[in-house]
């Protein structure tokens with residue numbers, strides 16, 4: 001199916017995006033429905049108080065996107081999501097509380113196949129901000145190809161990981177990664193093969209405040225490298241990945257022979273905070289040819305110009321290919337700008353980023369697709 005125009009908020013099948021809102025709270029169902037109905041290209045076709053009612057309405061109403069609470073009676077949202085992904089897969093956005101339990105459940109839901117997560121009403125977001133965020137996520141979800149979580153790791157990916165375990169890297173190498181819709185799984189796939197001595201990694205994933213800490217903890221449990229939510233002044237060192245905290249920009253700064261990250265507020269860039277472009281431009285400025293830039297799945301254009309700045313500064317650059325993207329928006333923009341030295345499927349991006357970081361600059365040779 002041909003992808004719709006990037007600014008068109010409608011359903012991939014034509015007409016408005018049909019949304020089903022699933023939450024045990026009548027107040028939350030009403031609030032989410034009202035906020036989504038503000039968008040001319042979105043139609044809330046129904047609501048459900050629990051997964052059993054949701055199941056029947058999904059079959060009857062055929063929504064394009066479902067918003068789902070993870071803490072509900074009769075059947076929890078995670079169990080329902082797993083069943084849905086198995087028997088009737090469609091884009092699901094998790095609407096979760098910002099409590100530690102809610103954040104952890106949201107991470108489990110993303111691993112189970114959800115494409116996005118947004119905070120529940122009553123958090124630090126105003127109703128208007130939450131409504132705008134939810135509308136943006138619904139549009140992105142409607143354009144998504146669904147989850148890549150059921151794709152097993154390839155033998156090529158695992159074998160290459162073993163080959164690279166013995167590589168040693170200098171401390172002045174940095175890998176910068178940016179992603180949005182579908183990015184939690186994509187980032188996991190990129191980080192999993194990283195050996196304990198991999199270069200320092202800095203990451204921006206579009207995600208609300210407080211969810212990023214749960215995301216970092218989950219990655220830290222499954223990766224060989226240390227993964228943590230970044231704090232201001234944190235050193236970028238081999239074997240460690242730093243994730244920008246939600247609602248804050250992250251900037252790379254050189255401090256003598258070392259790199260640190262600065263965490264700061266500031267205006268949203270491409271409607272995002274943290275912004276991939278903010279990170280990538282700082283990496284271009286501070287690390288130049290000692291960096292590798294990776295732009296993964298996501299809607300919009302955030303990161304495209306930053307990746308171009310990195311390439312122009314001598315960095316190696318990679319964009320995820322269309323086939324393996326959940327939403328081929330950010331990588332496509334970068335490719336059209338000529339920012340991507342290589343365009344690669346997700347399964348090999350982590351390995352190739354390691355190879356690029358380990359190659360001397362004069363050994364670059366021929367270029368891939370751009």
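Just so you know, all these numbers are worked out from the coordinates, no wet-lab data involved. Model, not experiment: these values are computed from the prediction. Reconstructed Cβ throughout: ideal geometry from the backbone, glycine too, with neighbour counts over all protein chains shown.
Segment 50-113 and segment 198-253 have their alpha-carbon centroids 26 Å apart. Computed on segment 17-143, with alpha-carbon pairs under 8 angstrom and 6+ residues apart, the relative contact order is 24 percent.
Considering only Cα atoms, the convex hull volume of segment 155-363 works out to 101 Å³ per residue.
Computed extension length for residue 222-residue 323: 33.8 nm, one decimal, from 0.36 nm per residue of separation with the Cα-Cα distance subtracted. In terms of surrounding Cβ atoms within a 10 Å radius of their Cβ, 282, 96 rank from fewest to most as 282, 96.
What the Cβ-Cβ distance of residue 129 and residue 52 gives, at R0 = 41 Å and to the nearest 0.05, is a FRET efficiency of 0.80. Take the Cβ atoms of residue 24 and residue 268, set R0 to 30 Å, and the FRET efficiency comes out at 0.40.
Available extension along the chain between residue 99 and residue 197 is 31.9 nm, counting 0.36 nm per residue and deducting the alpha carbon span.
A full extension of the chain between residue 38 and residue 355 corresponds to an added length of 109.4 nm, given 0.36 nm per residue minus the alpha carbon distance. Treating r as the C-beta distance of residue 254 and residue 74 and R0 as 45 Å, the FRET efficiency rounds to 0.25.
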